[in-house]
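The values are calculated or read from the model by the stated rules, or taken from the named source; none is laboratory data. These numbers come from a predicted model, not from an experiment. Virtual Cβ from ideal backbone geometry, glycine too; neighbours counted across all protein chains shown. Ligands, DNA and RNA are excluded from the accessible area calculation, which covers all protein heavy atoms including side chains. Shrake-Rupley method; radii C 1.70, N 1.55, O 1.52, S 1.80 Å.
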Amino acid sequence: MSLFGGMAKKKRHVFFSFHYADVMRVNNVRQSGQFKTDKTDGREIEGFYDRSLWESRKLTGDDSLKNLIREGVQRTSVVCVLAGSDTWQRRWVRYEIARAVIDGKGLFAIHINGINHHERKVPDERSDNPCRYMGVARDGDSDKFYLCERNSVNGTYQWVWYKDYTHPVSVPKFMKPPDNGKPVRLSEVTTEYDWAQQNGYANIGWWSDLAAQEGGYT
């Protein structure tokens, strides 16, 4: 049963951000009723790249991968982070989260470790939300804001400026401008769900629509 009763929802184009090690669980999300179509034109499932395409872009360098991600995110209204065990550590997942901010998209996360593993037939423990490791911060007393990330520096986790995108960004519509010296984690201003515990099959359409609205899409 949906959590949203009789409310009308708008079907959104969603960019899925995930770690390839989780692709079998990711397929459970992609094959839910919200994204099933008679023909797959990619419009509802931007961001699901064939491994061969991804690997070929890796061979041509970082800029090629960034272009691939940017083009995918631009055709959508919301970025959905599918969080498995190691997703929070993945460089390109962080870049996809960054693009949600850069391009003014909605953003939310879904934990997918509650889906049974395709070989072991059991769930895994819930891991960290990758959005906890990305944030937006004010540059001193200026009116400029930049992306930052939380990394291990000399054995302790610290906030550092994000190196994969160094230009100023607009503050997302789903958050207030950060105060000086206080990075705001994206996990603090976006919603996270659990696919298994919160009936993701029935509700992902509502979650996507809500995140798109929070990102400024009508």
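Compute the acute angle (0 to 90°) between the alpha-carbon long axis of helix 200-214 and the principal axis of greatest extent of the alpha-carbon atoms of the chain; round to the nearest 10°.
30
Using all C-alpha to C-alpha distances in the chain, build P(r) with 5 Å bins and read off the rounded percent in each one.
1, 7, 15, 19, 20, 17, 12, 6, 3, 1, 0
Once fully extended, how much extra length lies between Asp179 and Asp139, figured as 0.36 nm per residue of separation less the alpha-carbon to alpha-carbon distance?
Gain in length upon complete extension: 13.5 nm.
Roughly to the nearest percent, how much of the accessible area of the chain is carbon and sulfur, given a 1.4 Å probe?
46
May I ask you to give the solvent-accessible area per residue for the chain, in square angstrom, as obtained with a 1.4 angstrom probe?
That works out to 51 Å² per residue.
Given the DSSP H assignment, sum -39500 (n - 2.57) over each helix run of at least 4 residues in the chain and divide by its residue total; what's the result at 222 nm in deg cm²/dmol, nearest 500?
-8000 deg cm²/dmol
Could you pull out every one of the aspartates and glutamates with an alpha carbon less than 14 Å from that of Lys173, ignoring same-chain neighbours closer than 8 positions?
Correct list for Lys173: Asp103, Glu188, Glu214.
With +1 on the Cβ of every Lys and Arg and -1 on the Cβ of every Asp and Glu, and nothing else charged, how large is the dipole of the chain about its Cα centre, in debye rounded to the nearest 20?
The dipole of the chain has a size of about 280 debye.
Among the lysines, which have Cα under 16 Å from the Cα of Lys10 when same-chain residues fewer than 8 positions away are ignored?
The qualifying lysines are Lys36, Lys105.
Provide the FRET efficiency to the nearest 0.05 for the Asn151-Glu188 pair, computing r from the beta carbons and using R0 = 22 Å. Could you put the intermediate results ahead of the total?
Details: r = 18 Å, r/R0 = 0.82.
Here the calculated transfer efficiency is 0.75.
When DSSP beta bridges are limited to those with both residues in region 72-192, what percentage is antiparallel, rounded to the nearest 5?
Taking every DSSP beta bridge with both residues in region 72-192, the antiparallel ones total about 60 percent.
For region 60-99 and region 123-157, what is the separation of their C-alpha centers, rounded to whole Å?
Rounded to whole Å, the Cα centres lie 15 Å apart.
For the chain, what relative contact order do you get, as a whole percent, if you take Cα pairs closer than 8 Å and at least 6 residues apart?
It comes to 25 percent, rounded to a whole number.
Quick check: pseudo-label points 7 Å beyond the Cα along Cα→Cβ at Val160 and Tyr201, how many nm apart are they?
According to this spin-label approximation, the distance is 4.3 nm.
Specify which residue in the list Thr156, Ala137, Ser170 is farthest towards the positive end of the charge dipole of region 83-181, using unit charges on the beta carbon of Lys, Arg (+1) and Asp, Glu (-1), about the Cα centre.
My answer, from the dipole projection, is Ser170.
Among bridges DSSP assigns within the chain, what percent are antiparallel (round to 5)?
Approximately 45 percent, going by the DSSP bridge assignments.
Treat each spin label as a single point 7 Å out from the Cα along the C-beta direction, and report the Arg120 to Lys58 distance in nm.
Result for the modelled spin labels: 2.3 nm.
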